[in-house]
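Student: Got a structure here, written out as structure tokens. Questions coming.
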Amino acid sequence: MTEPNRSATDGPAPERPPLTAVERVVHAIRDGVRDGRYVPGQRLVESDLVRDLGVGRNSLREALSRLSSDGLIVVEPHRGASIRRLSRRDVAQFYQLREVLEGLAARLAAAGIDAPGHRDHFTAVLEAMRRAADTAQMPEYIDENIRFHRVITELAGHPRLLELVDQLQVQTFRAQFRSTLARDQTGMREYSTAEHEALAEAILSGDAERAENTMRQHLRHTGEGVMQLPDTDFAS
């Protein structure tokens, strides 16, 4: 997945090898789902993707096969690929997994918060989220929310964990985006900000157990809010 935009206070990004054509497609579609450019049920037209992403059809089809295996898209004979619609059960299970995995990430991040650069990096992201909560429109606030969660997983220092959490966040943030727009935005920001502040306090204090418990409670609360969406927002 393409990493969300980094601010000047984040420090230099680590060097990464160039993406292959297949990886570029996978990242572009994952990011598009998370950002709302691709919506559940939307067809993915091969000719449009080949043109827009500058890749060959073989690379595109390999990427679509990978995304289908991840459960992000469905590929049907004679109909092609489309963004998968999630059932209530899908969403509930994704949040259960996020609760466990991001709880572990918060525990590891708190335990390693005094590693070189970790405290400064996390504090910078926390401040950016606070500013967004005070002044930004809802889409920008959600972008900072995503980055806040991602940085916690980065600080865990566990690449496989980061990969798994990325996949789950792509699935659940698209549902969360719809739910937050349906809520009273002021109320949503207040409870979200309060929970993030409690989580940040636990991580910055190095309290690994409290960080894990706070993250799990936060994701449980968020998942419950998503599950209150009407049936029309879910696949049958």
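Student: If you check every pair at least six apart or on different chains, which have Cβ atoms under 8 Å apart with a residue in the stretch 19-45 that is within 14 Å of Arg57 (Cα to Cα) first and a residue that is in a strand (DSSP E or B) second?
Tutor: As it stands, the answer is Leu44/Ile73; Leu44/Gly80; Leu44/Ala81; Leu44/Ser82; Leu44/Ile83; Val45/Gly80, since those pairs meet every condition given.
Student: In the stretch 27-60, which residue that is over 15 Å from the mean Cα position of the chain (by Cα), surrounded by 15 or more Cβ atoms within 10 Å (Cβ to Cβ) and not hydrophobic (A, V, I, L, M, F, W, C) is modelled with the lowest pLDDT?
Tutor: Pro40
Student: Yes or no: Ala111 buried (at least 17 other Cβ atoms within 10 Å of the Cβ) and either touching a strand residue (DSSP E or B) at 6+ places or on another chain (Cβ under 7 Å) or not assigned by TED's automatic domain parsing to the domain that holds Glu212 (or both)?
Tutor: Spelling it out, it is not the case that Ala111 is buried (at least 17 other Cβ atoms within 10 Å of the Cβ) and either touching a strand residue (DSSP E or B) at 6+ places or on another chain (Cβ under 7 Å) or not assigned by TED's automatic domain parsing to the domain that holds Glu212 (or both).
Student: Is it true that some residue in the stretch 2-19 is at pLDDT 95 or above, polar (S, T, N, Q) and out of contact with any Gly (no Cβ under 8 Å at 6 or more places or on another chain)?
Tutor: No, the conditions are met nowhere in the stretch 2-19.
Student: How about the stretch 159-195: which of its residues are of a type in the set (Ser, Thr, Tyr), over 16 Å from Phe234 (Cβ atoms) and at pLDDT 65 or above?
Tutor: Selection gives Tyr191, Ser192, Thr193.
Student: Within the set of pairs 6 or more residues apart or between chains, which connect a residue that is within 26 Å of Leu164 (Cβ to Cβ) and not assigned by TED's automatic domain parsing to the domain that holds Val170 inside the stretch 131-153 to a residue that is outside any helix (DSSP H, G or I) and of a type in the set (Val, Ile, Thr) with Cβ atoms less than 6 Å apart?
Tutor: Within 6 Å, no pair qualifies.
Student: Now for a separate question. Considering each residue of the stretch 134-158, count those that are surrounded by 18 or more Cβ atoms within 10 Å (Cβ to Cβ) and modelled with pLDDT under 90, and give that number.
Tutor: Final tally of qualifying residues: 3.
Student: Checking the conditions here, which among Glu144, Glu140 is among the charged types (D, E, K, R), in a helix (DSSP H, G or I) and over 17 Å from Glu197 (Cβ atoms)?
Tutor: Glu140
Student: If we scan the stretch 76-96, do we find a residue that is buried (at least 17 other Cβ atoms within 10 Å of the Cβ), under 26 Å from Gly157 (Cβ atoms) and touching a residue at least 12 places away in the same chain (Cβ under 8 Å)?
Tutor: yes
The values are calculated or read from the model by the stated rules, or taken from the named source; none is laboratory data. All figures in this text were calculated on a predicted structure; none of them were measured in a lab. Glycine gets a Cβ as well: all are built from the backbone with ideal geometry, and neighbour counts include every protein chain shown.
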